[in-house]
Amino acid sequence: MALQVFTAVTGASWESELVGALDREDHGVTVVRRCVDVADLLAAATTGTGQAALLSAELRRLDGAAVARLTAAGIAVVGLVEPGDTRAADRLRQLGVVRVLPADAPAEEIARALRDAVSGGPVGGHDVGDPRSALPVLGLPPEESTRPTGRGRVVAVWGPTGAPGRTTVAVGLADEAARLEVSTLLVDADVYGGVVAQVLGLLDESPGVAAAARQAAAGTLDVAALARLAWAVDPHLRVLTGLARADRWPELRPQAVAVVLEEARRLAALTVVDCGFCLEEDEELSFDTAAPRRNGATLTVLEEADEVLCVSGADPVALQRTVRALAELREVLPDVEPVVVVNQLRRGPVPGDAREEIAGALSRFAGREVRAFLPADRRATDASLAAGRTLAEVAPASALRTGLRTLAAQLSGATEPGGRRRRRSR
């Protein structure tokens, strides 16, 4: 049976010739509908009459959300670009189109790519190479030469509801890693109440992560664009501020967030992401069609991260919330293995040896070991919030700052022997 294909390559001079060539019986492909725009293509995808879509990079209003909806509808996507147009090929890949071919490829090659896309076969043929690997980094000042030579790491800072100190930990880790001369990007991806900008005394109105997500959805985000959108707080630290209002969460679509993280890996050796707490997926129960997912950004960050830190409070209520949150994470994302960081450790809420009791409770009820204990230091954190500055600036001798510095060194691969800041050879 011939593979049923939708096409959306209108406006190209070679469209009619291509459709005629694909419809030949010896290619095993039948064009069942020639769509005029993205809306027509998405409508056709819901009919169940096709298995693949062939679209051009110039298709008007094509974005990452449209490609994600096609994939969710079970439609495999293959892209076509003008011969030699690596910029268009790069844009299609950012939108989530894995297989991209030049429009002058033989019809049998395009048909084979369509069949491979449906069957999940290897990407091959006359695939246009990914040009980003050869692009220089533009828009970065000369002193910021600490950009990673390879693929940077992403660390997600997550935790249960109840203000266990996720933002405090995320900001502290990013700042301490930068002070260890590791190129670092701090991203505020909390869709419920991101406050990284306020904590660091930055303007709330900066475009930040919302602008990066918009460019990612349009396929125009690259390293230089991401660098321009992020605040240069320090020669080694950039900050991508969060949403100015919580009701703007639909701007952080999961596919766009994944692209932002991929570009972040090219910009910085370490990316620290401050996440929201909620993991619910109620949208799948409330809608019978594709719907925006408020928690999709958080789930995407947790899936894409190289390491997930679960920040827990140090009192009985906070520990119970942590145990429940870890169980929920195991159900939603079973492949994610978080490590626990206990914040706000102090005497009083837990009788006896607090470290021993908390470690035993989390091991018994959640099956998790504690990576680090961060002591409570209310005076230092209050001074930091009042000044809009980091702990290292207002309380360099704080025990909390020392704990964050140690954890940052572990996560970034840097060491500080003899009190001197150095980078570990890689």
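Quick note: the coordinates plus some simple rules give every number you see, no bench work behind them. This structure is a prediction, so every number in the text was calculated from the model and none was measured. Glycine gets a Cβ as well: all are built from the backbone with ideal geometry, and neighbour counts include every protein chain shown.
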**Gyration tensor verdict on region 3-133 (Cα atoms; rounded if a/c is under 1.5, prolate if a/b is larger than b/c, oblate otherwise)** = rounded
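Can you tell me which of 41-47, 348-354, 311-317 comes out highest on packing, and rank the rest after it, using the mean Cβ neighbours within 10 Å? Show your work: numbers first, answer last.
Values: 41-47: 17.9, 348-354: 12.7, 311-317: 21.3.
In descending order of packing, they fall as 311-317, 41-47, 348-354.
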**Asked** Taking the alpha-carbon set of the chain, what are its Rg and Dmax in Å?
**Response** 24.2, 79
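Is it possible to state the helix-based mean residue ellipticity at 222 nm for the chain, with each DSSP H run of 4+ residues giving -39500 (n - 2.57), the sum divided by total residues, to the nearest 500 deg cm²/dmol? What is it?
My calculation for the chain gives -11500 deg cm²/dmol from helical runs alone.
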**Item:** Long-range HN-HN contacts of Gln344 with modeled amide H, under 5 Å
**Value:** Leu374, Ala376
**Message:** Would region 225-363 count as rounded, prolate or oblate if I go by the C-alpha gyration tensor, calling it rounded below 1.5 in a/c and otherwise prolate when a/b exceeds b/c, oblate otherwise?
**Reply:** oblate
**Request:** Starting with the fewest neighbours, write out Asp26, Asp306 ranked by other beta-carbon atoms found within 10 Å of each beta-carbon.
**Result:** Asp26, Asp306
**Fill in**
Ordering 186-196, 387-397 by per-residue average of other C-beta atoms within 10 angstrom, highest first, gives 186-196, 387-397
**Prompt:** For region 367-419, how big is the tail of P(r) above 18 Å, as a whole percent of Cα pairs?
**Reply:** 40 percent
**Message:** Quick check for me: using +1 on Lys/Arg Cβ and -1 on Asp/Glu Cβ, what's the dipole size of the chain about its Cα centre, in debye to the nearest 20?
**Reply:** 1580 debye
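Compute the signed sum of charges (Lys and Arg +1, Asp and Glu -1) over the other residues within less than 15 Å, Cβ to Cβ, of Cys35. Can you show the working numbers first?
Values: positive: Arg33, Arg34, Arg60, Arg61, Arg69; negative: Glu15, Asp37, Asp40, Glu58.
Charge balance near Cys35 sits at +1.
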**Message:** I'd like the Karplus ³J(HN,Hα) series for region 310-320: coefficients 6.51, -1.76, 1.60, θ = phi - 60°, whole numbers in Hz, and an x wherever there's a Gly or Pro.
**Reply:** 9, 8, 10, x, 10, 10, x, 5, 5, 5, 5
**Message:** Using each residue's phi in region 255-262, evaluate 6.51 cos²θ - 1.76 cosθ + 1.60 at θ = phi - 60° and report the 3J(HN,Hα) Karplus result to the nearest Hz, with x for Gly and Pro.
**Reply:** 5, 5, 4, 4, 5, 4, 5, 5
**Request:** Take peptides 58-64, 221-227 and line them up by average Cβ neighbours within 10 Å, highest first, as a rough protection proxy.
**Result:** 221-227, 58-64
**Asked** How much FRET efficiency would the formula 1/(1 + (r/R0)^6) give for Ala163 and Glu356, where r is the Cβ-Cβ distance and R0 is 22 Å, rounded to 0.05?
**Response** 0.35
**Request:** Could you tell me what percent of the DSSP beta bridges with both partners in region 153-419 are antiparallel, to the nearest 5?
**Result:** 10 percent
**Prompt:** Nearest 10 degrees, 0 to 90: what angle lies between the long axis of helix 399-412 and the longest principal axis of the chain (Cα atoms)?
**Reply:** 30 degrees
**Request:** Specify the inter-centroid distance of region 317-347 and region 185-256, based on alpha-carbon positions, in whole Å.
**Result:** 26 Å
**Complete:** With a Förster distance of 25 angstrom and the Cβ-Cβ distance between Ala218 and Val19, calculated FRET efficiency to the nearest 0.05 equals 0.40
**Prompt:** Long-range amide H contacts for Val154: which residues qualify at under 5 Å (H placed 1.01 Å from N, peptide plane, sequence gap of 5 or more or a different chain)?
**Reply:** Thr271, Asp306, Glu307
**Fill in**
Non-local residues with an amide H under 5 Å from the amide H of Thr30, with H modelled 1.01 Å from N and Pro and chain starts lacking one, are Leu3, Gln4, Val5
